[in-house]
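Quick notes on the structure that follows.
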Amino acid sequence: MGATIQQFMDKFETFKTLPGGEPFTIEVTDLEATAVAREYVAENKALIRAGMKQETGFELDVDKPSITFRDDTVLLSVMAGVGFLKTKATLTADVKWDGKPVVVVRSVEVPVISVSPQELNAMVEEPLRQMMETVEEYAEIRSFKITDGLAVLEAVRK
């Protein structure tokens, strides 16, 4: 695990040292999220290529991810392709609060191949559930929102 990912994970660990009943906020900028995504992609190229082959039937390389937070929306773009032949792929997801964060992939644009938002919703659901269960083990989540450039989690330490 690289330094950027470790710093990001540490941000989520700090609340565990708070006393019970203490409210806290965790903020993640889209620049931080992009840096984590870039490090993850760089460290996991073979895994990502295998996943792309399984999901799309094509062995695609993914590079230069960019994450942008805008008013309850997450925009993800990557360069995807083979070798030096790459094109921009984008994903737009809505994030709502319904007692827990709910992410719904609204659109996916990948030139040449077809990827449905429903397929990606299923892929996003499990990791999000696992992340929330980890946080909920130590805290009661009060809200999660996406604003311009920022994702904000508000909770109270159990």
With respect to V135, determine if the residue is on the phi < 0 side of the Ramachandran plot, open to solvent by less than 70 Å² (accessible area, probe 1.4 Å) and part of a strand (DSSP E or B). no
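Only one of these is touching a Pro at 6+ places or on another chain (Cβ under 7 Å) and either modelled with pLDDT of 85 or more or open to solvent by 30 Å² or more (accessible area, probe 1.4 Å) (or both): V102, V124, V36, V41. Name it. Step through it out loud before you land on a result.
On the way: V102 fails: touching a Pro at 6+ places or on another chain (Cβ under 7 Å); V124 fails: touching a Pro at 6+ places or on another chain (Cβ under 7 Å); V36 fails: touching a Pro at 6+ places or on another chain (Cβ under 7 Å).
None of the others qualify; the one that does is V41.
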Options K145, K100, K158, K86: the member that is under 30 Å from T14 (Cβ atoms) and more than 16 Å from the chain's Cα centre (by Cα): K158
What do you reckon, is G81 at pLDDT below 90 and assigned to a strand (DSSP E or B)? yes
Members of segment 61-81 found to be within 15 Å of V41 (Cα to Cα) and open to solvent by 40 Å² or more (accessible area, probe 1.4 Å), listed by number: D63, K64, L76, M79
Residue tally, condition within 12 Å of the chain's Cα centre (by Cα), open to solvent by less than 30 Å² (accessible area, probe 1.4 Å) and not β-branched (V, I, T), over segment 24-33: 2
What are the residues in segment 1-18 that are open to solvent by 80 Å² or more (accessible area, probe 1.4 Å) and not in a helix (DSSP H, G or I), if any? M1
Does segment 119-134 include one or more residues that are among the polar types (S, T, N, Q) and over 22 Å from F12 (Cα atoms)? yes
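Is it true that E126 is assigned to a strand (DSSP E or B), without any contact (Cβ under 8 Å) to a residue 24 or more places away in the chain and farther than 24 Å from D63 by Cβ? So that I can check it myself, show each step before the final result.
Numbers: assigned to a strand (DSSP E or B): no; without any contact (Cβ under 8 Å) to a residue 24 or more places away in the chain: yes; farther than 24 Å from D63 by Cβ: yes.
For E126, the condition - assigned to a strand (DSSP E or B), without any contact (Cβ under 8 Å) to a residue 24 or more places away in the chain and farther than 24 Å from D63 by Cβ - is not met.
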Among (1) surrounded by 13 or more Cβ atoms within 10 Å (Cβ to Cβ); (2) not in a loop (DSSP other than H, G, I, E, B), there is one condition F58 misses while meeting the rest; what is its number? (2)
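The values are calculated or read from the model by the stated rules, or taken from the named source; none is laboratory data. Small disclaimer: the values here were computed from a predicted structure and weren't measured. All Cβ positions, even for glycine, are placed from backbone atoms using ideal geometry, and neighbour counts span all protein chains on display. Only protein heavy atoms, including side chains, enter the accessible area calculation; ligands, DNA and RNA are left aside. Shrake-Rupley method; radii C 1.70, N 1.55, O 1.52, S 1.80 Å.
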